[in-house]
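Remarks on the structure that follows.
A short reminder: the numbers here are calculations on the coordinates, not readings from a lab. Model, not experiment: these values are computed from the prediction. As a convention, Cβ positions derive from the backbone with ideal geometry for all residues, glycine included, and neighbour counts pool all protein chains shown.
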Amino acid sequence: MISALVPALGTGGVSPGGSGSGEDNPLGPDNPGGPNHEWFRRGAVDPRKWDAYLFDPNHPQNEGKAKGWLDTFGVGKGDGPRVERAIREQLDQAEIVEVDAAQHAEVPGRRSRKWNLIIARFAMPGRRPAPVLTVWAQDPSEEYPHLVTAVVRP
């Protein structure tokens, strides 16, 4: 089982959608410049997210996500750790866009914040790059966000 919280993969670069500080320093949403990529890289990913939801075409809320991952990148059940690692490594390509609270459904009794990070040229070995939308949310009681979904975009 992989850890849901991985150590920093710092690139040492500047975050285009974040605060302008080096990526080795995770800056969250309360930073005046907003969160940076390192903050998202340290976010949690439930290991069940892959096989039980994103890569399961029979999940009632999958809505074609499994087909998109398989057709575009040749990945499916059992590939979650590899895809998660690739997402974390490529997050620095994404613009960080906070989703307006009025545009996302709240979980009753919890006020989370959400962000869309689109990796425009997400790459997996042996495949052509394609855009991947990752959605992250932060629950008020958590220091880092968690991955909500990851969708291959046409």
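What to note about this one:
- Set of lysines with alpha-carbon distance to K114 below 23 Å, sequence-local pairs under 8 removed: K49, K65
- Spacing of the two label points (7 Å from each Cα toward its C-beta) at N58 and L70, in nm: 1.2
- Simple label model, 7 Å out from Cα along Cβ direction - R121 to D46, nm: 3.4
- In the range 47-154, the alpha-carbon atoms span a convex hull of 115 Å³ per residue.
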